[in-house]
1. Sequence gap at least 6, Cα distance under 8 Å: using those rules, report the relative contact order of the stretch 55-102 to the nearest whole percent.
2. In what order, largest first, do D46, D51 sit by accessible area if the probe radius is 1.4 Å?
Amino acid sequence: MTTNRRTFVIHAVVGASVFATAGLAQAQAMVAESDAQAITLGYKADTSKVDKAKYPKHAADQSCANCALYQGKAGAASGLCPLFAGKQVAAKGWCSAWAKKA
């Protein structure tokens, strides 16, 4: 089998695509309640555990899943949030930046 430059370039591009796609498919880390950003925003992985004295505007029906910032799919257990760069939040979670989804 002879290999020329065109074949090499095609194989290199396909190979790079496979590695890039595999990197995107890996699960992203979950936000820990102890992360600095999570503490600042009062993030809790379970909305029922939010301190109502500290966050009086919190309502029981508010969760990450129905927040305008949540980027997870409907029904998913977790999804991305732009406030926690590159990390996932629990769909049942909550933080003080919660905004009603349109």
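1. Relative contact order comes out at 42 percent.
2. Heavy-atom accessible area, descending, gives D51, D46.
The values are calculated or read from the model by the stated rules, or taken from the named source; none is laboratory data. Nothing here was measured: the structure is a model prediction, and the numbers come from that model. Protein only, heavy atoms only, side chains kept; ligands, DNA and RNA dropped before computing areas. Shrake-Rupley method; radii C 1.70, N 1.55, O 1.52, S 1.80 Å.
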